[in-house]
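Step one of this worksheet: look at the structure below.
The values are calculated or read from the model by the stated rules, or taken from the named source; none is laboratory data. Since the structure is predicted, the reported quantities are computational estimates derived from the model, not experimental observations. A quick note on method: Cβ atoms are made from the backbone with ideal geometry, for glycine too, and the neighbour counts reach across all protein chains shown.
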Amino acid sequence: MTFPSTVRSALAVSRSALTHCSDTPNLDGQLLLSQILDCSRSWLLAHPESELEEEHGLQFLNLLDRCVQGEALPHVLGWWEFYGRRFHLDSSVLIPRPETEIMVDAALEYQKENSRSLTAVDIGTGSGCVAITLACEIPNLRVYATDISLEALRVAQKNVGLHGVDRFVHLICADLVSSVMVSHGFDLVCANLPYIPEDEMGSLPVSQREPRIALDGGEDGLQVVRRLVDALPSIMARQGRAILEIGAGQAQSVLQYLLQVLPDHDSRVRVDYAGQPRLVVVDRWA
């Protein structure tokens, strides 16, 4: 790759290098360069002739090469945005997706309908983006966040400190739920669990760049989701809400299983920004 001497040439180099491996090569290059120069994207676009120091040019080419080699941009940057906030990331956690933000929307809708103090649990918290966002958005909400991965919980702990919610978000290493949580009665249960069928894992680029433990849902993709549904009667409060993220084509299977395990409930499917079924929202009657 040609060594960039100006902002304009750096963005041209990145655009050429990333065209074949990214749907957004212009944006990706801008994010990489703005991180190195500690400036905004708008500053870059307004100062295309600004000269780059040699050190910055070398750093830019190094980050760019990592992207070209297949490393996910958020992992190269070390952060990504979720619900308007920046979260620290590394390869031990999933990259937050925009479609997961509707989980937060469903939780906030529930909070507006219930004036009492609430407790929540975020199961499979990963980077902690859902748990921390809820703690930031809902005053005095106490959130328990679980994950089976200690590496993921270390990332979540950094984000808890970054957003100043140490008093409200409590991290627990557990396979879904811990014994101390059973019969607790959480008002909100949020879960973005592995839901990709195992025979699809090898063909998906995401499986090469993000942790398999957070993606592989077993034979039909619902192995872990069913285990959580089995636990709902023990951890979900009366008049509580559970919000489960699901994959394509899984909605009816999850709804049918819920009828077997938790008959006293009302459930519905919510679609994401692309119109695809993305959440099952479960409201317990009594």
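Checked against the criterion of being of a type in the set (Gly, Ala, Ser) and either at pLDDT below 95 or closer than 27 Å to Leu193 by Cα (or both), the candidates Ser42, Ser91 yield just one match: Ser91. Looking only at the range 230-262, which residues are touching a residue at least 60 places away in the same chain (Cβ under 8 Å) and within 19 Å of Asp105 (Cβ to Cβ)? The answer is Arg241, Ile243, Glu245. For first residues located in the range 108-119 and farther than 20 Å from Tyr83 by Cβ, partners that are of a type in the set (S, T, N, Q) and outside any loop (DSSP other than H, G, I, E, B) and lie 6+ apart or on another chain with Cβ distances below 8 Å form the pairs Asn114/Gln239.
One line per residue, one yes/no per condition, for (1) among the aromatic types (Phe, Trp, Tyr); (2) part of a helix (DSSP H, G or I); (3) surrounded by 14 or more Cβ atoms within 10 Å (Cβ to Cβ):
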| residue | (1), (2), (3) |
| --- | --- |
| Thr2 | no, no, no |
| Arg8 | no, yes, yes |
| Leu11 | no, yes, yes |
| Leu32 | no, yes, yes |
| Ser42 | no, yes, no |
| Glu71 | no, no, yes |
| Glu81 | no, no, no |
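For the range 101-136, a residue qualifies if it is within 15 Å of Val169 (Cα to Cα), touching a Phe, Trp or Tyr at 6+ places or on another chain (Cβ under 7 Å) and either surrounded by 20 or more Cβ atoms within 10 Å (Cβ to Cβ) or not hydroxyl-bearing (Ser, Thr, Tyr) (or both), and the qualifying residues are Ala120, Val121, Ser127, Cys129, Thr133, Ala135.
Pick from Val177, Val121: which is part of a strand (DSSP E or B) and under 16 Å from Ala237 (Cβ atoms)? The unique qualifying residue is Val121. The set of residues from the range 143-161 being among the aliphatic types (A, V, I, L, M) and closer than 10 Å to Ile132 by Cα comprises Val143, Ala145, Ala156, Val160. Among the conditions (1) of a type in the set (Asp, Glu); (2) modelled with pLDDT under 95; (3) part of a loop (DSSP other than H, G, I, E, B), the only one that Asp166 does not satisfy is (2). Residues that are in contact (Cβ under 8 Å) with a residue 60 or more places away in the chain, touching a Ser or Thr at 6+ places or on another chain (Cβ under 7 Å) and of a type outside the set (Lys, Arg) within the range 30-86 comprise Leu64, His75, listed in sequence order.
For the range 18-39, taking the residues that are at pLDDT below 95 and under 18 Å from Leu77 (Cβ atoms), the one that is farthest from the chain's Cα centre (by Cα) is identified as Cys21.
Of all residues in the range 101-131, those satisfying the criterion of being among the hydroxyl-bearing types (Ser, Thr, Tyr) and out of contact with any helix residue (DSSP H, G or I) (no Cβ under 7 Å at 6 or more places or on another chain) are Tyr110, Ser115, Ser117, Thr119.
Put simply, of Leu73, Leu52, Leu58 the only residue that is hydrophobic (A, V, I, L, M, F, W, C) and touching a Cys at 6+ places or on another chain (Cβ under 8 Å) is Leu73.
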